[in-house]
Structures are given as C-alpha cells and as structure tokens.
1. Using only helices, what value at 222 nm comes out for the chain when you add -39,500 (n - 2.57) per DSSP H run of length 4 or more and divide by the total residues, to the nearest 500 deg cm²/dmol?
2. To the nearest 20 Debye, how big is the dipole of segment 9-353 about its Cα centre, given +1 on the beta carbon of each Lys and Arg and -1 on that of each Asp and Glu?
3. So between N195 and K232, what do we pick up on full extension, going 0.36 nm a residue minus the alpha carbon distance?
4. Take the Cβ-Cβ distance between K147 and E285 as r, set R0 to 35 Å, and report the resulting FRET efficiency rounded to the nearest 0.05.
5. Return the percentage of antiparallel bridges among DSSP beta bridges fully within segment 1-119, rounded to the nearest 5 %.
6. Just name one of S268, W279, S68: the one whose Cα is farthest towards the positive end of the charge dipole of the chain (beta-carbon charges, Lys/Arg +1, Asp/Glu -1).
7. If the cut-off is a Cα-Cα distance under 18 Å, which aspartates and glutamates reach K284, setting aside same-chain residues fewer than 8 apart in sequence?
8. If you plug each phi of segment 234-246 into the Karplus form 6.51 cos²θ - 1.76 cosθ + 1.60 with θ = phi - 60°, what whole-Hz ³J(HN,Hα) values come out, in order, with x for Gly and Pro?
Amino acid sequence: MKILNFPMITIVATTTCNYSCYYCNPKGEGHSCEYGEIDPNLLSMLIKCAQSEGFHSFRLTGGEVTISKYFKKYCAVIFSAKKKGCYATMNTNGSSWEKLIPIFKEMPINLIRISFDAIDNTIFQKMSGSSNYSKVIEGIDMMLYHKIPIQINMVVTKSNFNNISKMIDFCKQRQINLKLLDYELGNKKTIDVWNNEFVNLQYLRNSLRNKYGSEGYFRTTGGYGMAMEVFKVDNIFIRIKDSTVSSTYHPTCISSCSLFPCPEGVFSLIVRPDRTITWCRRRKELSIPIGFSFKTIRNALKSAIKTMNECVEVWHDSLTPSETGVESIMTSEMIGKSASQISNSLKIKGISEIPRYDRC
Ligand code: SF4
C-alpha cells in the first residue's frame, strides 16, 4: 500500500489586511482568488473531513486573520483540531495582540508566527506601511509573558538586510526562533520592486554555516516545499527560506507551466475564501471547488492529495548537491545552468524518494 505524504493545510481565512507590505501580493496568500472570508461552518466541516482522511497540520493565515469578524470562530476550529492531536499554527502581523492573547490563552495552539521585518521604526514603516512598530514589540513581550509560543518571520530585502543582526539579537534576548525568508517575486506587475529589493540569502547562509555549523535542511509538513537550512545560534534556531535552493513541483509544473520554477513551488494544500482548495498558489484554473457537503469536500481533498503525492523535489542551480549535503536530483552537467534550462533536462525523482517529515 502506498504511504501518503500528508501536507499541511494552509487556510487563507481572509484576503483583507491592515498592512500594505511592498513585498506582499494584494490578498496575501490568497492572491489568485477573489476578496472574501471563509465561512467558519464550512471551515469546520473541512477540518473534520481532512482529519478523518489523515491530514494533521493546519495553518491559519490571510490577509490578516485577527481583523476578521470570524477570528474567534476560526481559532475555535483549529483549536478543536489541535485537541485531537493535530499541529495548529497561525500567521499574524501582531497588530491585534490585545484581541489575540485572551483567545489563545483560552484555546492554545502550537505556534503563532509573527511577521515582523525590522528592529527599526523607519524600516518597519517603509516595509509594512504601518506605524505599529512599538505596538508589535509590546505585543511580542506580552505574548511571551503569557507563555504563548511564538516565532518571528522576517522577509529579507535590501531595505532591512543590514538589520538582520539586530533582529537576531532581539530574538536571542527573548529566546524566540526566527525564520528569514527571501523576497519571492509575486507577479510581473511588481518585478521592478523585486529587482530593486531582492537579496539572495545564499551569502547569509554561508556565513551562518561558517560561524555556527548547519543543523541540516528541513521541509514543511509532509516533505513538500523548499529545503530550508537551519542554524542553531546560541539559544535559538534560525531557519532560512531561500527560494534559490530547491522546491517541490508536480511533473506538469516542469513539463507545461510557464511560471516554472515559481519560487514557492508546491508546499501545502491551500483552502481559500472562494470555496476552493489548491496545491498551486498562483494559477487559479488549478483550484478544485470544495462544494458544500462532506462528500464534495472529501472528493476535493482526495483529488488534491493525489496530485501532491505525484510531486518531486527539484534542486535549482545555485548550489551543488555536495554543498547541500542532501541527496539531489541534480547531475553535474546541470550545475551552472539556469533553473529554466534545468527544467528541460530534469531527472525526476519518484514519489517514494520525497522525504517524510511530520512537521517543521
Ligand atoms: S506550482 Fe503552480 S505556478 Fe508553480 S510551477 Fe507549478 S503550476 Fe506553475
């Protein structure tokens, strides 16, 4: 019997946000669907159904979930999944911490990821379009005080690259793990900003590796998405999401998608307010309607998981296999070619060779 690699289910609960980060697409992680909010009753059905099928990791995101009128209901749904042994997390920009803390004290989840891009008011404001800098720091300290498990996510661009060491010190002082993400090109409309602001994190990874050694590469739940290198820096873990290293793709991504290799690849199933589920964040036509009943939801999940289990891992040409320390599909003649050139000559790994991880 084939063992399924169950991915995380990302729930884009709302497409609305109170920030305007220049590196983020309108509608956030739901950028290829219409504006809206997920019906909490439908979400509850979906999570129950997914759990009965074997899914065990759920992440609430947006937009900014805390500003939704359904926020508490969404939290109750993922809390109920956590009570049954699932891994439940949420992304937020931390601006509504007064609302968030009482809810998560009552209904604790595994991790809250706070997007926070600088230890500097001016840089923070430039990147987020928000004046909440001091408020977010206060919120981080209040969440720690209330023992709510948090991680900081920092998108690294030219604007805040020189602020990374301050962020690491901030996290070390508070014993918070840090995830550094490169700036993924969202769409062709934002290519000028991306060209001006993109920073390749390979240099940062090399310097952290030289100083602290590497803890290895980890992927997200089920072994999908990018291989992210992890470093232990004093008392905290720093994980680096460098989209130039590798990601996971479906064979049809490689054979027929003009966006291949898109930076994030296939990392999760994504549920969106337009009542669809998808394994591709960018192409609307690949969305699967989930309908209104347990039967239609179950069928959509089965179809999506089947597609995800056909995926393969693809290493880009910024690293050689020996540098990664991880078995790779790259052959020596591919090194030095661009990712799109590689796509024409890939040797595809079988599904059984995708590593299995419960979560990361
Ligand atoms: S994940 Fe979507 S956008 Fe990316 S290569 Fe595959 S089909 Fe294209």
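Taken together, the values in this text are just the output of simple stated rules run on the coordinates, not laboratory data. Since the model is a prediction, treat every value here as computed from it, not as a measurement. Cβ: placed from backbone, ideal geometry, glycine included. Neighbour counts: every protein chain shown.
1. Value at 222 nm, helices only, nearest 500: -9500 deg cm²/dmol.
2. Dipole about the Cα centre, nearest 20: 920 debye.
3. That works out to 10.2 nm of additional length.
4. Efficiency, from the Cβ-Cβ distance: 0.20.
5. Of the beta bridges lying entirely in segment 1-119, close to 10 percent run antiparallel.
6. So the residue furthest toward the plus end is S68.
7. Hits, sequence-local ones excluded: E29, E34, E37, E264, D274.
8. Here the 3J(HN,Hα) series is 6, 9, 10, 9, 10, 10, 10, 9, 10, 6, 8, 8, 6 Hz.
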